[in-house]
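**Q** Can you read through this structure? Questions will come right after.
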Amino acid sequence: MKILWLLVCVLFASSMFAQQDCVKNLRGETVCKNGQSAAAVNPNTGNAAVAHKNANGVTTTQTAYGGTAKTRNGSGVAQGPNGTTAAYNAKTGNAAVAQKNSNGVTTTQTSYGGKAKTKNGMGAAQGPNGTVCAKGENRQGCTKK
């Protein structure tokens, strides 16, 4: 099945780009690009990816396994097929990862030490300096610990 999917991706990538410029890199991956779009296939994993840069400079990449990423100027957001989302801000150096559990609660953790748990627009967050903020149905606010 992986081989069939790999062939479909290669055929799709080769027919998608009229002026294809393809090379095989040192890892055995075939990479094709035309300046605005690119495709890559990893023969070891069977994963394929297609990327396209829009007029605003945002590059959107999608993988055969369901991952999606949007990047611009070194900053970006990526979402895996399992619902995990990660973001990176190149200007501040901060990164965050969020994952939703089976109860619908999203836990977000930042590289600077912040952590939040949210559901349906309500939740609690703790900053790296000890400040705790909460929003509920009837009240919201922050306290310094």
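**Q** Report, by residue number, each residue of region 55-71 that is open to solvent by 60 Å² or more (accessible area, probe 1.4 Å) and in contact with a Ser or Thr (Cβ under 7 Å, 6 or more places away or on another chain). Lay out the reasoning, then the answer.
**A** Looking only at region 55-71, we keep the residues that are open to solvent by 60 Å² or more (accessible area, probe 1.4 Å), and these are 55-56, 62, 65, 70-71.
Scanning region 55-71 gives GLN62, LYS70, THR71.
**Q** Being under 28 Å from THR92 (Cα atoms) and surrounded by fewer than 16 Cβ atoms within 10 Å (Cβ to Cβ) is the filter here, so list the residues in region 37-52 that pass it.
**A** HIS52
**Q** Filter region 115-130 for residues that are assigned to a strand (DSSP E or B) and over 19 Å from ALA86 (Cα atoms) and give the result. Give the derivation first.
**A** Looking only at region 115-130, we keep the residues that are assigned to a strand (DSSP E or B), and these are 115-119, 122-126.
Residues satisfying the conditions are MET122, GLY123, ALA124.
**Q** Same structure, new question: So which of ALA96, ALA90, ALA134 ends up being under 24 Å from the mean Cα position of the chain (by Cα) and either in a strand (DSSP E or B) or of a type in the set (Phe, Trp, Tyr) (or both)?
**A** On the way: ALA90 fails: either in a strand (DSSP E or B) or of a type in the set (Phe, Trp, Tyr) (or both); ALA134 fails: under 24 Å from the mean Cα position of the chain (by Cα).
Just a single option satisfies the conditions, and that option is ALA96.
**Q** Restricting to region 99-114, give me the number of residues that are under 17 Å from ALA87 (Cα atoms) and open to solvent by 50 Å² or more (accessible area, probe 1.4 Å).
**A** Residues of region 99-114 that are under 17 Å from ALA87 (Cα atoms), as a first pass: 99-100, 106-114.
Those left that are additionally open to solvent by 50 Å² or more (accessible area, probe 1.4 Å): 99-100, 109, 111-112.
Adding up the residues that qualify gives 5.
**Q** Related question: Can you give me the number of residues within region 94-114 that are small (Gly, Ala, Ser) and within 13 Å of VAL77 (Cα to Cα)?
**A** Residues in region 94-114 being small (Gly, Ala, Ser) and within 13 Å of VAL77 (Cα to Cα): 3 in total.
The values are calculated or read from the model by the stated rules, or taken from the named source; none is laboratory data. Nothing here was measured: the structure is a model prediction, and the numbers come from that model. When we count neighbours, we look across all protein chains shown, and the Cβ atoms used for this are built from the backbone with ideal geometry, even at glycine. Just the protein is used for accessible areas: all its heavy atoms, side chains included, with ligands, DNA and RNA removed. Shrake-Rupley method; radii C 1.70, N 1.55, O 1.52, S 1.80 Å.
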